[in-house]
Amino acid sequence: MFPDNNIFLNASGPKCTTQDELINLNNSQVGSIVSKSCTLLERSGNEEPRYYHNNMGSINSMGLPNLGHKFYLEMSKKISKPYFISIAGLNCDESLEIVEKVLKYIETNETKIDGLEINLSCPNIIGKGQIGYDFEVMDKYFLDCFTILKKYSKKPLIGFKLPPYFEIHHFDIVSDIMKKYPIDFITCINSIGNGLIIDFTKKKTCIRPKYGVGGIGGDYVKPTGLSNVWNFYLNFKKKNIKIKIIGCGGIKKGQDAYEYLLCGADYLQIGTQFYREDVVCFKRISEELKIILNYNKINSLEEIRGKLEVI
Ligand code: DHB
């Protein structure tokens, strides 16, 4: 389950695909570990170059390169921190098939998998839209997913990685769908899909797949990430929905972490900055956060969680 004293996780994506990368995280000061989003079978992903970052953020169109779901199940034997498997699949059926296989594995193995972060928001599969933007499909996905879950007695935490929403009424619609199901957490946001960063000196795109467009992360997306956490927080409070919120998007210093907590985040994930700085970012950012909390004489995160004031 989630640790009480360390709110930081890596964001699924950077440096969580191979055994070495996952062990590197396990030896770090991150609180919990999330695997690379997996498919049923191993994939090599899209053509390279497929990742680029500058001072302001990142663009990626990885195309789900991963070692297949079985590898991430077996890794649970080597990881001592709370461990979440991120599940993508190339479509809803494949994703649900992996969910079922993971639950079966948990039921029949003496191993510890703390949660599933089910990805409804991969923007990089050529020709496929994001489940999180099709509300009917999303509702049916939840129904099928929790129908499968009922068959098993050992229940990991179940959460969903959501795409960014840009319309206020969408938060209402998504919250109303989610309140029908026993969801433990949501992670918001995934990258902003299908952006474009260009190298103007060369007149070139920075990545090759999909004519250069890909998911945007880092500073570029922080205002959208904050707004998504804040809007879900407000909606959940109004509707008495008890779903934890993991904030993600552009966290690179203690102040960013503090801002996400003010918006109502319970936990925090770090993606682009983890890619840049490696695992030392988790220690640095949590120490910076502690300095801000001490300076403001805050003893418990509950004193600031969701306490953003409207001017
Ligand atoms: C990939 C990108 C994502 O934003 C995501 O959520 C899952 C996978 C990728 O391209 O590999």
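Summary table below
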| item | result |
| --- | --- |
| Selection count, segment 82-121, where residues are open to solvent by 40 Å² or more (accessible area, probe 1.4 Å) and over 20 Å from residue 141 (Cα atoms) | 5 |
| Of the criteria (1) in contact with a helix residue (DSSP H, G or I) (Cβ under 8 Å, 6 or more places away or on another chain); (2) assigned to a loop (DSSP other than H, G, I, E, B), which one residue 202 fails | (1) |
| Failed item, numbered, when residue 53 is tested on (1) open to solvent by 10 Å² or more (accessible area, probe 1.4 Å); (2) touching a Lys or Arg at 6+ places or on another chain (Cβ under 7 Å); (3) within 13 Å of the ligand (Cβ to nearest atom) | (3) |
| Pairs, first in contact (Cβ under 8 Å) with a residue 24 or more places away in the chain in segment 138-157, second of a type in the set (Ser, Thr, Tyr), C-beta under 7 Å, six or more apart | 142/181; 146/181 |
| Positions within segment 260-306 being touching a strand residue (DSSP E or B) at 6+ places or on another chain (Cβ under 8 Å), more than 23 Å from residue 231 (Cα to Cα) and of a type in the set (A, V, I, L, M, F, W, C), in sequence order | 274, 281, 282, 285 |
| Close pairs from segment 291-311: first free of Cβ contacts under 8 Å to residues at least 60 places away in the same chain, partner open to solvent by 50 Å² or more (accessible area, probe 1.4 Å) and assigned to a helix (DSSP H, G or I), Cβ under 8 Å, at least 6 apart | 292/255 |
| Segment 186-198 residues that are under 15 Å from residue 120 (Cα atoms) and outside any strand (DSSP E or B), paired with ones that are open to solvent by 20 Å² or more (accessible area, probe 1.4 Å) and away from the ligand (no atom under 12 Å from the Cβ) (beta carbon under 8 Å, 6 or more apart) | 189/224 |
| Residues of segment 148-162 satisfying the condition of being under 18 Å from residue 32 (Cα atoms) and within 13 Å of the ligand (Cβ to nearest atom) | 160, 161 |
| Segment 5-49, residues that are of a type in the set (A, V, I, L, M, F, W, C) and under 19 Å from residue 63 (Cα atoms) | 11, 16, 34, 38, 40, 41 |
| Selected residue [away from the ligand (no atom under 14 Å from the Cβ), crowded, with 20+ Cβ neighbours inside 10 Å and not in a helix (DSSP H, G or I)] from 141, 165 | 165 |
| Qualifying residues in segment 109-131 (those that are within 16 Å of the chain's Cα centre (by Cα), more than 10 Å from the ligand (Cβ to nearest atom) and not in a strand (DSSP E or B)) - the one modelled with the lowest pLDDT | 131 |
| Criterion (out of contact with any Leu (no Cβ under 6 Å at 6 or more places or on another chain), on the phi < 0 side of the Ramachandran plot, surrounded by 15 or more Cβ atoms within 10 Å (Cβ to Cβ) and β-branched (Val, Ile, Thr)) met by exactly one of 126, 79, 131 | 79 |
| Hits in segment 60-97 (condition: within 11 Å of the ligand (Cβ to nearest atom) and touching a Gly at 6+ places or on another chain (Cβ under 7 Å)) | 60, 61, 62, 63, 64, 65 |
| Unmet criterion (only one of (1) within 27 Å of residue 2 (Cα to Cα); (2) touching a Pro at 6+ places or on another chain (Cβ under 6 Å); (3) within 12 Å of the ligand (Cβ to nearest atom)) for residue 31 | (3) |
| Cβ-Cβ under 7 Å pairs, at least 6 apart or on other chains, segment 69-88 side of a type in the set (Val, Ile, Thr), far side more than 16 Å from the ligand (Cβ to nearest atom) and assigned to a loop (DSSP other than H, G, I, E, B) | 85/113 |
| Which listed residue, of 291, 207, is out of contact with any helix residue (DSSP H, G or I) (no Cβ under 6 Å at 6 or more places or on another chain), hydrophobic (A, V, I, L, M, F, W, C) and under 19 Å from residue 30 (Cα atoms) | 291 |
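The values are calculated or read from the model by the stated rules, or taken from the named source; none is laboratory data. Just so it is clear, the structure is predicted and the values come from calculations on it, not from any experiment. Neighbour counts are summed over all protein chains in view; Cβ atoms, including those assigned to glycine, are modelled from backbone coordinates with ideal geometry. Only protein heavy atoms, including side chains, enter the accessible area calculation; ligands, DNA and RNA are left aside. Shrake-Rupley method; radii C 1.70, N 1.55, O 1.52, S 1.80 Å.
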